[in-house]
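All remarks here apply to the structure that follows.
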Amino acid sequence: MKLNVFNVEFDGIDKCGKDSVKPYLFHLEPGKYLSRARGLISQLAYAELYDRDIEFDATDYVKNTLFVLLLVDKQDWEIRCKLTNEPDTGFSFEQMQNAFSNSVNKLHRDFNVPIERVMIFNTSHVTPFEISKKVCERLEYLNQN
């Protein structure tokens, strides 16, 4: 089987669940896909938040990547941050969520990433297992077409 889409990037604000979801992909499809917590969406979001003058030449890079944005409900996020003593970033929940949403728009606009190569889940409502199963299904679909 030839894999055209084999990179999977899990992105979202701190404590959205990236590191909780990421290992499930390996256990569901051992050695088949490369997954990481934090990728291009995070780079774009933090460039916006911190006003960094950075441009990414990612046109070729995005061709092999499935982007997964993980959202979280504010109250759930606040509890997660308290439980883990998460340091204050200096940005509000809304500012961070907006920067990540803007980054998804940039993927489409600036890098021509098709809609089927971006998935969005809310980890306050969907388990890591469910997310990973859906990601595997999407990868299967993308690599058959």
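With 26 Å as the cut-off, how large is the P(r) tail for the chain, expressed as percent of Cα-Cα pairs? I get 23 percent for the Cα pairs in the chain exceeding 26 Å. Label-to-label distance, residue 19 versus residue 141, with points set 7 angstrom from Cα along the beta-carbon direction: 3.1 nm. Averaged over its residues, the chain has an accessible area of 56 Å² per residue, based on protein heavy atoms and a 1.4 Å probe. In the chain, helical runs assigned H by DSSP with n ≥ 4 each contribute -39500 (n - 2.57); averaged across all residues and rounded to the nearest 500, the mean residue ellipticity at 222 nm is -15000 deg cm²/dmol.
Projected label points at residue 133 and residue 61, each 7 Å from Cα along the beta carbon direction, are separated by 3.3 nanometres. Straight-line cross-link partners of residue 106 among the lysines, defined as a Cα under 17 Å from its Cα and at least 8 positions apart when in the same chain: 63. Near the amide H of residue 119, within less than 5 Å, lie the amide hydrogens of 67, 68, 69, all on another chain or at least 5 residues away, with H placed in the peptide plane. Per 0.36 nm of contour for each residue apart, how much would the distance between residue 120 and residue 92 grow if the chain were fully extended, relative to their Cα-Cα spacing? Residue separation times 0.36 nm, minus the Cα-Cα distance, leaves 8.0 nm.
Hey, can you rank 44-56, 111-123, 15-27 by average C-beta count inside 10 Å, highest first?
Averaged packing, sorted descending, gives the order 15-27, 111-123, 44-56.
The separation of region 72-89 from region 1-52, counted between C-alpha centres, amounts to 20 Å.
The values are calculated or read from the model by the stated rules, or taken from the named source; none is laboratory data. The shown structure was predicted, so the numbers you read here are calculated from the model rather than taken from an experiment. Here Cβ is always computed from backbone atoms with ideal geometry, including for glycine, and neighbour counts include all displayed protein chains. Heads up: the accessible areas ignore ligands, DNA and RNA and are worked out on the full protein's heavy atoms, side chains in. Shrake-Rupley method; radii C 1.70, N 1.55, O 1.52, S 1.80 Å.
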